[in-house]
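Undergrad: I'd like to ask you about the structure that follows.
The values are calculated or read from the model by the stated rules, or taken from the named source; none is laboratory data. Since the model is a prediction, treat every value here as computed from it, not as a measurement. All Cβ positions, even for glycine, are placed from backbone atoms using ideal geometry, and neighbour counts span all protein chains on display. Only protein heavy atoms, including side chains, enter the accessible area calculation; ligands, DNA and RNA are left aside. Shrake-Rupley method; radii C 1.70, N 1.55, O 1.52, S 1.80 Å.
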Amino acid sequence: MRIFKLFLRELKHDYFALVSIIMLAIIFLSIYIGAFVIDHFYDVMWVTPQRMPVSPEASGTLLGLDVMGRNQFHLLFVAARNSLNIALGVTFFSFAIGLTVGVISGFYGGRTDNVLMRIVDTWSMIPFLMVVIVLLVVFGRTVPTFILFLTLFSWMTRARLLRAAALSQRQMDYISASKTLGTPNIVIIVREMLPNLVDIVVANFVLTLAASIGIETGLSMLGFGLGWDYPSLGVMLQNATNPMYLQHFWWVWTPPLILVVVTMLCVNFVGNALQRVTDPKQRFA
Amino acid sequence: MKKLVILLLVVMAVFAACGNNDGDGYGEGRQETPPPTGGGGEPVEFVEAGDGDSPMHPALLEALRAFPAYTTNDAPVLPRGSGTDNILRIGVGTSSTLIGLFLGTHNADANDASINELAGSYSLVSWDANNLWTQNGIATLELDREANVIILNMQEYVYWHDGVPLTLDDLVFAYEIIGHPEYTGQRFSPELQVPNVRGMAEYHAGQADYISGLVLSNNNRTLRIYYVDPLPPSTLFAGSVWLQPIPRHWIEPAIAEVGHYGLQGHIRARDQILGFGPFIIETVVAGESVFMIPNDNYRQGAPLVDGVLVELLPFEMVPSAMRAGDFDIAAYQTANLSEFYLHNPTNYSLFGWPAGATTIINFRMGGFGEPETDDDGNVIGAARVQARDDDHPIMNVAIRRALAHSIDRETIAHTVGHDMWIPAPSILHPFNASPFIDINRQGIVFDLELSNRILDEAGFTQRDAEGYRLDLDGNHMYFVYGQQSNPTHDQLVPLNIQNWREIGLRVEMFEGGFMDWGLFLDTVAFTDEVSPIHIFAMGWALGMNPDPASLWADTAQFNMSRYSSPGFAQILYDIQSANAWDAAFLADAYDRWEQYFYENVPALQFTWNLDLVAVNNRVTNFSRVRVDNGYNEPGNMTTDSWANHLIGLTARSPYAN
């Protein structure tokens, strides 16, 4: 596809993005492969309570044990995989909704557009974090509810963005031509308009992924997200909310922190490069 | 086992496993050794259970050996008049605020009650290490079973802070407050024998101006309290009768001003309480701190410090505040111990006592039915426990035994409890039932093989694809675990669920995670419905009376397992019956009680804990040895009771680390 060719060209001129995408590939691959292997051989959630987290030296493991006696190295892979899955899930579903609403709104315009956009406006006014926290408390903090509620409150910006893109596509001659030929609207949208929106979707997908990782880890770290029985980076980072752990037990909170920071940075660099690709004025190349 | 709802909240809101108290009965050490009069001296010898006077469970004794019995600081104390240097600073680690309603008849918060103990009044009659009344207090107590009367005799001359002599008329006044129709507090309680006083019914209904069953001598120094129903054997124990006086000359004008209904809002029930304790309240900063000055006319002698400042702080801050020398004395939580061992501070030491609080793990087996009514639909009796009718497997005793035998209390006592907790071998607690505990009893021990065997023998042999056992009809069965989060449960809950999975029982958290505290209470405590939760633990403050009726009677609101059975009710009845005046009969009843819990497992006690107090090295005469003289002299400075007149300070500011 055109965007990827342009992206490759862009990478040659943006070393940050180049390094980022290589690191990202390594991180993603090792996380998924590592988690698969570790899940197969160990029960990472097996608890053997300890008085305090056990240091790497004392436990003879790479990253020590947490206060529940869980191997932090093993836990890190599984937690990272789960966090990534959640972030991917939220991003995917919010794009699915956002794309549908945005394209319908942009393509049909007029009253449909007006009604849909007012709904989007109203929905966006709801204080997102507060409502998500309440909903999670009411409906239980499981992975499906987590993905569901985060999706429910993150599709609106996607819808606005894609509506704008669809609106501009609608003015193009190829759409008018199709319409004149009597092609059904649904076929025009799916077969003719959507391929022209892929650039924007791909570029924003990556940026949204970074934001979703951030929201999941943030909520879980503050104790509003997933619980102790589901390993995720945010749950691991919860350890950092304990002043004593923060001061004395680096191994229970530093590794997930570094992983989150590095992943989000890389995703952002790549996402920015992709976004530039979609806008000829911003391109380096 | 008397407890108040608010105290329950306090206990649970802090930690399930930390100490708290009961408003009118205070915790105590368990020794009869005289107190040290100065710093230094021989370590206090503890007497083991079975040796006679002062029984203590050997396991608790062992845990207590890790702590000093009293401070060994023999430097000269700062003289009185040393100004702000000589002020004892007490830190109270809590997650709530100071309510500030101190008056003895009205307070319902542990911290308020402790201030009342220092600056207000306390029980006129003293008690010993077995919680039995003694004759060493301000007044002597005589129990005449034939006439069903309690006779109090003042043997000491005591004065209120304003110099007015204390008489037993002040105790009569306390009864008049509690029995008044407009009384707003929680002491009009059968457990304190208040409604049982002769003439109380008429007075409480507003038909009489005085309580006819309270008969004073001419000089107001002898009081006979006549009762209607025969006094139960629990009257032998401290805390079973209301004996705390309220100054009539001080509170009566307040009542004239605002009425009984408004008394709890009056400043004389709050900042300006009048008492006969060792200290006098000087200033109260609402919700935050209380400053007290010494009462030089205190009955045991003038205090050694120039003032006591009690301040509240979040309990997580206690270790760092103690290390920085911000406080002289602060109640410690077991959860703070990790930090203690990490830093090994040398500027303060920890003192331990058997805690007056416990945690019980309940298996929920029912709800409450409709209250008993007469033909016209008027309520005439309390609602009774009703077993659930869906025969959920939790009703099966084999399931409960298997669940209980798979709870690894030993590990949690080692990790969270730092080996200072003891997995309770019995449902009785040594705080109040020490003489009745069979020290040879093992109780319910952690044994997964045994659990598996119990389930196999009971017929739970079929398993599903995931390895979980099916119920006797071959259906999936699962149990719901409801719990709020705290340092103990954060470790206990995952470990329990893991162990239960090992024996093939599927246990899931209620709604997938730890519960909000309010939701937890609504779901398990304040409901008559059959709760969706089958397993949960709840913390309790303990009174001095070991009678289990308030926790286990089929009408008791706090019967958290919602459990009752004929055999169970019979033992409860026996403990309260007239036969129980016979010590051997009572001991036997408690033995059957322990055995019943061991066999039927409606619940099990989690651990016996210690209360910890951190004491700065500049403090002298701090000791955990209780003196039987009516006041909880130095030995009783648990979280309940923080200071006394013997405490002195030997440096101008608390040592910092």
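Undergrad: Please verify whether residue B:557 is in a loop (DSSP other than H, G, I, E, B) and open to solvent by 10 Å² or more (accessible area, probe 1.4 Å), treating the condition exactly as stated.
TA: Answer is yes for this residue.
Undergrad: When segment B:291-306 is examined, which residues are found to be surrounded by fewer than 19 Cβ atoms within 10 Å (Cβ to Cβ) and under 21 Å from residue B:99 (Cα atoms)?
TA: B:291, B:293
Undergrad: From the list A:219, A:246, which residue is within 14 Å of chain B (Cβ to nearest Cβ), outside any loop (DSSP other than H, G, I, E, B) and open to solvent by less than 50 Å² (accessible area, probe 1.4 Å)?
TA: Testing whether each residue is within 14 Å of chain B (Cβ to nearest Cβ), outside any loop (DSSP other than H, G, I, E, B) and open to solvent by less than 50 Å² (accessible area, probe 1.4 Å) leaves just A:219.
Undergrad: Here is a follow-up. List the number of the failed condition for residue A:223; all other conditions in (1) small (Gly, Ala, Ser); (2) under 16 Å from residue A:88 (Cα atoms); (3) touching a helix residue (DSSP H, G or I) at 6+ places or on another chain (Cβ under 7 Å) hold.
TA: Failing condition for residue A:223: (2).
Undergrad: Could you check, for segment B:496-513, whether at least one of its residues is in contact with a Leu (Cβ under 8 Å, 6 or more places away or on another chain), assigned to a helix (DSSP H, G or I) and aliphatic (A, V, I, L, M)?
TA: Checking segment B:496-513: not a single residue is in contact with a Leu (Cβ under 8 Å, 6 or more places away or on another chain), assigned to a helix (DSSP H, G or I) and aliphatic (A, V, I, L, M).
Undergrad: In addition: Against the definition (of a type in the set (S, T, N, Q), touching a helix residue (DSSP H, G or I) at 6+ places or on another chain (Cβ under 6 Å) and away from every other protein chain (no Cβ under 14 Å)), how does residue A:94 come out, yes or no?
TA: For residue A:94, the condition - of a type in the set (S, T, N, Q), touching a helix residue (DSSP H, G or I) at 6+ places or on another chain (Cβ under 6 Å) and away from every other protein chain (no Cβ under 14 Å) - is met.
Undergrad: Out of (1) touching a Pro at 6+ places or on another chain (Cβ under 8 Å); (2) of a type in the set (Gly, Ala, Ser); (3) crowded, with 16+ Cβ neighbours inside 10 Å, what's the single condition that is false for residue B:95?
TA: Exception for residue B:95: condition (3).
Undergrad: For residue A:154, only one of the following conditions fails: (1) open to solvent by less than 40 Å² (accessible area, probe 1.4 Å); (2) assigned to a helix (DSSP H, G or I); (3) of a type in the set (Ser, Thr, Tyr). What is its number?
TA: It fails just one condition, (2).
Undergrad: Also, I was wondering about something else. Yes or no: segment B:245-267 includes at least one residue that is open to solvent by 10 Å² or more (accessible area, probe 1.4 Å), under 30 Å from residue B:655 (Cα atoms) and in contact with a helix residue (DSSP H, G or I) (Cβ under 8 Å, 6 or more places away or on another chain).
TA: No, segment B:245-267 contains no residue that is open to solvent by 10 Å² or more (accessible area, probe 1.4 Å), under 30 Å from residue B:655 (Cα atoms) and in contact with a helix residue (DSSP H, G or I) (Cβ under 8 Å, 6 or more places away or on another chain).
Undergrad: Take the residues of segment B:514-528 that are assigned to a helix (DSSP H, G or I), touching a residue at least 12 places away in the same chain (Cβ under 8 Å) and within 13 Å of chain A (Cβ to nearest Cβ): which is most open to solvent (accessible area, probe 1.4 Å)?
TA: Ranking the qualifying residues of segment B:514-528, first place goes to B:517.
Undergrad: Please list, ordered by first then second residue, the pairs with beta carbon atoms under 6 Å, 6 or more apart or interchain, first in segment B:145-156 and part of a strand (DSSP E or B), second among the basic types (Lys, Arg) and surrounded by 15 or more Cβ atoms within 10 Å (Cβ to Cβ).
TA: Matching pairs, first to second residue: B:149/B:224; B:151/B:224; B:154/B:221.
Undergrad: Still on this structure, please answer the following. Can you find even one residue in segment B:477-493 that is over 28 Å from residue A:69 (Cα atoms), away from chain A (no Cβ under 14 Å) and either in a loop (DSSP other than H, G, I, E, B) or open to solvent by 10 Å² or more (accessible area, probe 1.4 Å) (or both)?
TA: Yes; the residues of segment B:477-493 include at least one that is over 28 Å from residue A:69 (Cα atoms), away from chain A (no Cβ under 14 Å) and either in a loop (DSSP other than H, G, I, E, B) or open to solvent by 10 Å² or more (accessible area, probe 1.4 Å) (or both).
Undergrad: Need pairs with beta-carbon distance below 6 Å; first residue among the aromatic types (Phe, Trp, Tyr) and within segment B:118-131, second at pLDDT 80 or above; sequence gap 6+ or separate chains.
TA: B:127/B:133; B:127/B:134; B:127/B:238
Undergrad: Another question about this same structure. Quick one: which helices (runs of 4 or more DSSP H) sit completely within segment A:1-82 and have at least 3 residues that are in contact (Cβ under 8 Å) with a residue 12 or more places away in the chain, open to solvent by less than 70 Å² (accessible area, probe 1.4 Å) and more than 24 Å from residue A:143 (Cα to Cα)?
TA: Filter on segment A:1-82 gives A:2-13, A:15-41.
Undergrad: Inside segment B:403-420, can you point out the residues that are within 8 Å of chain A (Cβ to nearest Cβ) and of a type in the set (Ser, Thr, Tyr)?
TA: Across segment B:403-420, the qualifying residues are B:411, B:415.
Undergrad: Being among the small types (Gly, Ala, Ser) and assigned to a strand (DSSP E or B) is the filter; apply it to segment B:312-345 and report the residue that is nearest to the other protein chains (Cβ to nearest Cβ).
TA: Across segment B:312-345, the extreme among qualifying residues is B:330.
Undergrad: Please go through segment A:120-151 and pick out each residue that is more than 14 Å from residue A:93 (Cβ to Cβ) and either within 14 Å of chain B (Cβ to nearest Cβ) or outside any helix (DSSP H, G or I) (or both).
TA: Result: A:126, A:127, A:133, A:134, A:135, A:136, A:137, A:138, A:139, A:140, A:141, A:142.
Undergrad: So for segment B:345-354 (the condition being closer than 21 Å to residue B:649 by Cα, touching a residue at least 40 places away in the same chain (Cβ under 8 Å) and either open to solvent by 50 Å² or more (accessible area, probe 1.4 Å) or not assigned by TED's automatic domain parsing to the domain that holds residue B:616 (or both)), does at least one residue qualify?
TA: Scanning segment B:345-354, I find at least one residue that is closer than 21 Å to residue B:649 by Cα, touching a residue at least 40 places away in the same chain (Cβ under 8 Å) and either open to solvent by 50 Å² or more (accessible area, probe 1.4 Å) or not assigned by TED's automatic domain parsing to the domain that holds residue B:616 (or both), so the answer is yes.
Undergrad: Another question, if that's okay. Exactly one of these conditions fails for residue B:540: (1) within 20 Å of the chain's Cα centre (by Cα); (2) of a type in the set (Phe, Trp, Tyr); (3) open to solvent by 50 Å² or more (accessible area, probe 1.4 Å). Give me its number.
TA: It is condition (3) that residue B:540 fails.
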